[in-house]
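Participant: Starting off with a structure, shown below.
The values are calculated or read from the model by the stated rules, or taken from the named source; none is laboratory data. The structure presented is a predicted model; accordingly, all values stated were derived computationally and were not measured. Every residue, glycine as well, gets a Cβ built from its backbone with ideal geometry; the counts of neighbours run over all protein chains shown.
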């Protein structure tokens, strides 16, 4: 399926949040997804992930998570300087700002005529943590978190005390956590701590651990594992298809004159 892309400014309590909107080129409507990036913001791999989700029948909004800190359009490089800047920004923003951004992105999707109103979230690295927090909103029906950082430590945001683990019981939709067992950022004890908390609160969750490094999903750099990426994105789509449904995918006329649907 072909897609369209555009940048929009989503209003938030802390200022306009530049966001990438990726959607199927058909009329729709489509279920809505908020896609949260890594600390580097909307890089080429994140943009391709958004395109992948859109091509499977979703209206996807990818916000710039540091819109109050960095100039609009800022993309940090996948190098040490970029990582240092991204990590500094991560704790340079109050947790309340992350939460109000989530609410604004969800409201933006729900307000669009090409959205069915059924909403989900997905995130990678810090984005996995932000998706976890966004899932605390009652209208989020499904959340997929790829190697979500800092939940076990509670260290997101300026306060360095985010309370995400304690608030896990607020998540009422279906939750999928995907982890790389060789990821040094979320060690075994951290994963065990989060798993135990989800069991304690009776969360509706699935849990997948694979033999992969941090950033195995990112289709750039030495840690990319295309086999694991394909399998795990498939798991993510199954959750979204099951909980959100799919959009009204418009039939397209192929080059051989054959009507086909994706």
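Participant: Could you tell me whether any residue of segment 162-178 is surrounded by 15 or more Cβ atoms within 10 Å (Cβ to Cβ), more than 17 Å from the chain's Cα centre (by Cα) and farther than 15 Å from residue 132 by Cα?
Facilitator: No, the conditions are met nowhere in segment 162-178.
Participant: Could you tell me which numbered condition residue 207 fails, if it satisfies all but one of (1) in a strand (DSSP E or B); (2) within 16 Å of the chain's Cα centre (by Cα)?
Facilitator: (2)
Participant: Do we have any residue at all in segment 110-120 that's crowded, with 24+ Cβ neighbours inside 10 Å and within 14 Å of residue 19 (Cβ to Cβ)? Quick ask: steps written out before the conclusion?
Facilitator: Initially, segment 110-120 is screened for residues crowded, with 24+ Cβ neighbours inside 10 Å, giving 119-120.
Checking the rest, the ones that are also within 14 Å of residue 19 (Cβ to Cβ) come to none.
Looking through segment 110-120, none of the residues is crowded, with 24+ Cβ neighbours inside 10 Å and within 14 Å of residue 19 (Cβ to Cβ).
Participant: Just give me the residues in segment 178-204 being within 12 Å of residue 152 (Cα to Cα) and assigned to a loop (DSSP other than H, G, I, E, B), in sequence order.
Facilitator: In the first step, residues of segment 178-204 are kept if they are within 12 Å of residue 152 (Cα to Cα); the result is 185-198.
Within segment 178-204, 185, 186, 187 qualify.
Participant: Let me ask something additional. Is it true that residue 32 is within 19 Å of residue 118 (Cα to Cα), part of a loop (DSSP other than H, G, I, E, B) and touching a strand residue (DSSP E or B) at 6+ places or on another chain (Cβ under 8 Å)? Walk me through it before giving the result.
Facilitator: Numbers: within 19 Å of residue 118 (Cα to Cα): yes; part of a loop (DSSP other than H, G, I, E, B): no; touching a strand residue (DSSP E or B) at 6+ places or on another chain (Cβ under 8 Å): yes.
In short, no.
Participant: Further question on the same structure: Could we say that residue 54 is modelled with pLDDT of 95 or more, crowded, with 24+ Cβ neighbours inside 10 Å and assigned to a helix (DSSP H, G or I) here? Write out each step before concluding.
Facilitator: On the way: modelled with pLDDT of 95 or more: yes; crowded, with 24+ Cβ neighbours inside 10 Å: yes; assigned to a helix (DSSP H, G or I): yes.
In short, yes.
Participant: What do you reckon, is residue 205 touching a strand residue (DSSP E or B) at 6+ places or on another chain (Cβ under 6 Å) and closer than 18 Å to residue 35 by Cβ? It would help to see each step written out before you state the result.
Facilitator: On the way: touching a strand residue (DSSP E or B) at 6+ places or on another chain (Cβ under 6 Å): yes; closer than 18 Å to residue 35 by Cβ: no.
Answer is no for this residue.
Participant: Quick one: is residue 61 surrounded by fewer than 20 Cβ atoms within 10 Å (Cβ to Cβ) and outside any helix (DSSP H, G or I)? Steps first, please.
Facilitator: Values: surrounded by fewer than 20 Cβ atoms within 10 Å (Cβ to Cβ): no; outside any helix (DSSP H, G or I): yes.
No; evaluated as a whole, the condition is false for this residue.
Participant: So which residues in segment 1-27 are in a loop (DSSP other than H, G, I, E, B) and surrounded by fewer than 20 Cβ atoms within 10 Å (Cβ to Cβ), if there are any at all? First the steps, then the outcome.
Facilitator: Step one: filter segment 1-27 for residues in a loop (DSSP other than H, G, I, E, B), giving 1-2, 11-16, 25-27.
1, 2, 11, 13, 14, 15, 16, 25, 27, listed by residue number.
Participant: When residues of segment 64-89 are filtered for being assigned to a loop (DSSP other than H, G, I, E, B) and touching a residue at least 24 places away in the same chain (Cβ under 8 Å), how many remain?
Facilitator: So the first thing to find is which residues in segment 64-89 are assigned to a loop (DSSP other than H, G, I, E, B), and the list is 64-79.
Then drop every residue that is not touching a residue at least 24 places away in the same chain (Cβ under 8 Å), which leaves 64-70, 72-78.
The qualifying residues number 14.
Participant: Which residue, of 128, 123, is under 14 Å from the mean Cα position of the chain (by Cα), in a helix (DSSP H, G or I) and closer than 20 Å to residue 86 by Cα? Spell out how you get there, then give the answer.
Facilitator: Numbers: 123 fails: in a helix (DSSP H, G or I).
From the options 128, 123, the qualifying one is 128.
Participant: Restrict the check to segment 134-152 and report whether at least one residue is under 16 Å from residue 96 (Cα atoms), touching a strand residue (DSSP E or B) at 6+ places or on another chain (Cβ under 7 Å) and surrounded by 17 or more Cβ atoms within 10 Å (Cβ to Cβ).
Facilitator: Yes, segment 134-152 contains a residue that is under 16 Å from residue 96 (Cα atoms), touching a strand residue (DSSP E or B) at 6+ places or on another chain (Cβ under 7 Å) and surrounded by 17 or more Cβ atoms within 10 Å (Cβ to Cβ).
Participant: Of (1) surrounded by 16 or more Cβ atoms within 10 Å (Cβ to Cβ); (2) at pLDDT 95 or above; (3) in a loop (DSSP other than H, G, I, E, B), residue 247 satisfies all except one. Which?
Facilitator: (2)
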